[in-house]
Amino acid sequence: MENKEAGTPPPIPSREGRLQPTLLLATLSAAFGSAFQYGYNLSVVNTVFKSFYNETYFERHATFMDGKLMLLLWSCTVSMFPLGGLLGSLVVGLLVDSCGRKGTLLINNIFAIVPAILMGVSKVAKAFELIIFSRVVLGVCAGISYSALPMYLGELAPKNLRGLLGTMTEVFVIIGVFLAQIFSLQVILGNPEGWPVLLALTGVPALLQLLTLPFFPESPRYSLIQKGDEAAARQALRRLRGHMDLEAEVEDMRAEAQAERAEGHLSVLRLCALQSLRWQLLSIVVLMAGQQLSGINAINYYADTIYASAGVEAAYSQYVTVGSGVVNIVMTLTSAVLVERLGRRRLLLAGYGICGSACLVLTVVLLFQNKLSELSYLGIICVFAYIAGHSIGPSPVPSVVRTEIFLQSSRRAAFMVDGAVHWLTNFIVGFLFPSIQEAIGAYSFIIFAGICLLTAVYIYMVIPETKGKTFVEINRIFAKRNRVKLPEEKKEETIDAGPPTLSPAKETLF
């Protein structure tokens, strides 16, 4: 053993990465073109469309829609977006493998520009069907970008900036949501004359990404590990890091490539069957389900009712909504700054703690506000507190963790599972919450508080801190939890044991 250690070269010290101009601009180009338009499309569904649906129907049939038909068409308009997202999450694995991370983002712009044009002309064409169809296509675009963008940014970033760049997905989603809230104000574009422009604007970020992203490098990890092109990986690293001292990072990629060769190419079915990835897979399912089922969509759904109970007139509630958007942006940016200082676990636990507490207090407020009117103002505080808590942990941090806990070979399949869970739970909450709220009223928020608690307990018990660790180091941590041995550990045991015996060696799943 001593001889082996004496002959092993010392590890190459890694140089701390900095946010070089090329890395910064590549992040801005990718995130603005993908995450921004995702957040924008998430929020531009406006009640003014109902009037357009009714007017178009009247012109065709000389009668207005009944309530049931309007509800059906409106439900289709809203629900087509997460269903399209589910479809996009299922095809993203094929795209990122065959076209690369950057190539997938560029191709995905087609699914943003085409529906933007269709929605922009829907009023002139007098066809509300164009809006419903476009929502499906935009959902596909969002489903692809939601997985491909964190993958691209996570593989571009040095390990000490991986958290910061990983949260940029959520930062630009929130900025997109906020600008959609601004543009949707009745005095700007949220009116019968302006809404076609409101919808068509979703194609602008995609067009800007098409013009800028081709000038930035492909993921160096994709180039070296999946394509075997070390020269292209080194060239990309030189541009992203701004220096020539690349050996430590290249060596880390080689180690990951070696682990990938031992593990083999993984499909979704094989990923679900592997003991060596069991806790990683369960962790992203819990993180994604907890993100959606913890009540964020319900809070948004219930917000106007809470504002109205506090005496806020309907004409001014949209400005309170904009105020909540400001809180969302500020806390998400705070999370981006703190994620490399406090770590992933602390932000997740703090965020779920705040969200769960806000849900419990909000339940009390909704139950007793008729008896004590002053509680209505506490309801608004609860909404803002919940948004702040979700923005600091449950919203941005899972995008970082899901990239970090999988190696290159399993990341594609893992992101397909991750995306499917995200969009399915998104659809379930949007579809079922109105019925649940009608059945049990304010008590529905106790359910969300319970989900926050269970998710926080799982994070505390299972998910390790990944701050400052390489992908291979994180893989070793989970290997112990999964009770499997990595290939290099098996090799060391073989060397220590001396010459092999005649009995066959037991294979591990790695």
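The values are calculated or read from the model by the stated rules, or taken from the named source; none is laboratory data. Here the structure is a predicted model, which is why all the values come from computation and not from measurement. No Cβ is skipped: glycine too gets one built from the backbone with ideal geometry, and neighbour counts run over all protein chains shown. Ligands, DNA and RNA are stripped out before the accessible areas are found, and what is left, the full protein with its side chains, is counted by its heavy atoms. Shrake-Rupley method; radii C 1.70, N 1.55, O 1.52, S 1.80 Å.
If the condition is being over 16 Å from Ala413 (Cβ atoms) and modelled with pLDDT of 85 or more, then the stretch 253-269 contributes Met253, Arg254. Annotation: of all residues in the stretch 105-154 being part of a helix (DSSP H, G or I) and charged (D, E, K, R), the one that is surrounded by the most Cβ atoms within 10 Å (Cβ to Cβ) is Arg135.
Identify the residue in the stretch 378-431 that is basic (Lys, Arg) and farther than 20 Å from Ala336 by Cβ and, among all such residues, is surrounded by the most Cβ atoms within 10 Å (Cβ to Cβ). Break it down stepwise before answering.
Let us first name the residues in the stretch 378-431 that are basic (Lys, Arg), namely 402, 411-412.
Cutting the leftovers down to farther than 20 Å from Ala336 by Cβ gives us 411-412.
Numbers: Arg411: 28, Arg412: 23.
Checking each candidate, the answer is Arg411.
Taken over the stretch 276-309, the criterion of being more than 14 Å from Phe384 (Cα to Cα) and not in a helix (DSSP H, G or I) is satisfied by Ser294 alone. Note on the stretch 432-453: among residues that are open to solvent by less than 30 Å² (accessible area, probe 1.4 Å) and among the aromatic types (Phe, Trp, Tyr), the one that is nearest to His390 (Cα to Cα) is Phe448. Only one entry in Leu165, Leu86 is open to solvent by 30 Å² or more (accessible area, probe 1.4 Å) and under 14 Å from the mean Cα position of the chain (by Cα), namely Leu86.
So, Ala308, is that one without any contact (Cβ under 8 Å) to a residue 12 or more places away in the chain, among the small types (Gly, Ala, Ser) and surrounded by fewer than 21 Cβ atoms within 10 Å (Cβ to Cβ) or not? Yes, satisfied.
Scanning the stretch 60-83 for residues being open to solvent by less than 50 Å² (accessible area, probe 1.4 Å) and within 20 Å of the chain's Cα centre (by Cα) gives a total of 4. Checked against the criteria, Gln291 counts as assigned by the TED database to the domain that holds Gly353, buried (at least 18 other Cβ atoms within 10 Å of the Cβ) and either touching a strand residue (DSSP E or B) at 6+ places or on another chain (Cβ under 8 Å) or at pLDDT 85 or above (or both). Entry remark, the stretch 334-345: residues being crowded, with 17+ Cβ neighbours inside 10 Å and either among the aliphatic types (A, V, I, L, M) or part of a helix (DSSP H, G or I) (or both) number 6 in total.
For the stretch 149-202, a residue qualifies if it is touching a Phe, Trp or Tyr at 6+ places or on another chain (Cβ under 8 Å) and either polar (S, T, N, Q) or in the same structural domain as Gln292 (by the TED database) (or both), and the qualifying residues are Thr169, Thr202.
For the stretch 235-245, which positions are free of Cβ contacts under 8 Å to residues at least 40 places away in the same chain and buried (at least 18 other Cβ atoms within 10 Å of the Cβ)? Spell out the reasoning first.
Quick first cut of the stretch 235-245, residues free of Cβ contacts under 8 Å to residues at least 40 places away in the same chain only: 235-238, 244.
Hits for the stretch 235-245 are Ala236, Leu237.
Within the stretch 241-250, is there a residue that is within 15 Å of Ala26 (Cβ to Cβ) and not β-branched (Val, Ile, Thr)? Looking through the stretch 241-250, at least one residue is within 15 Å of Ala26 (Cβ to Cβ) and not β-branched (Val, Ile, Thr).
Looking at the stretch 202-225, can you tell me whether even one residue there is assigned to a helix (DSSP H, G or I), hydroxyl-bearing (Ser, Thr, Tyr) and over 23 Å from the mean Cα position of the chain (by Cα)? Write out each step before concluding.
First, the residues of the stretch 202-225 that are assigned to a helix (DSSP H, G or I): 203-215, 220-225.
Filter once more, so that each one left must be hydroxyl-bearing (Ser, Thr, Tyr): 212, 222-223.
From the residues that got through so far, the ones that are over 23 Å from the mean Cα position of the chain (by Cα) too are 223.
Yes, the conditions are met somewhere in the stretch 202-225.
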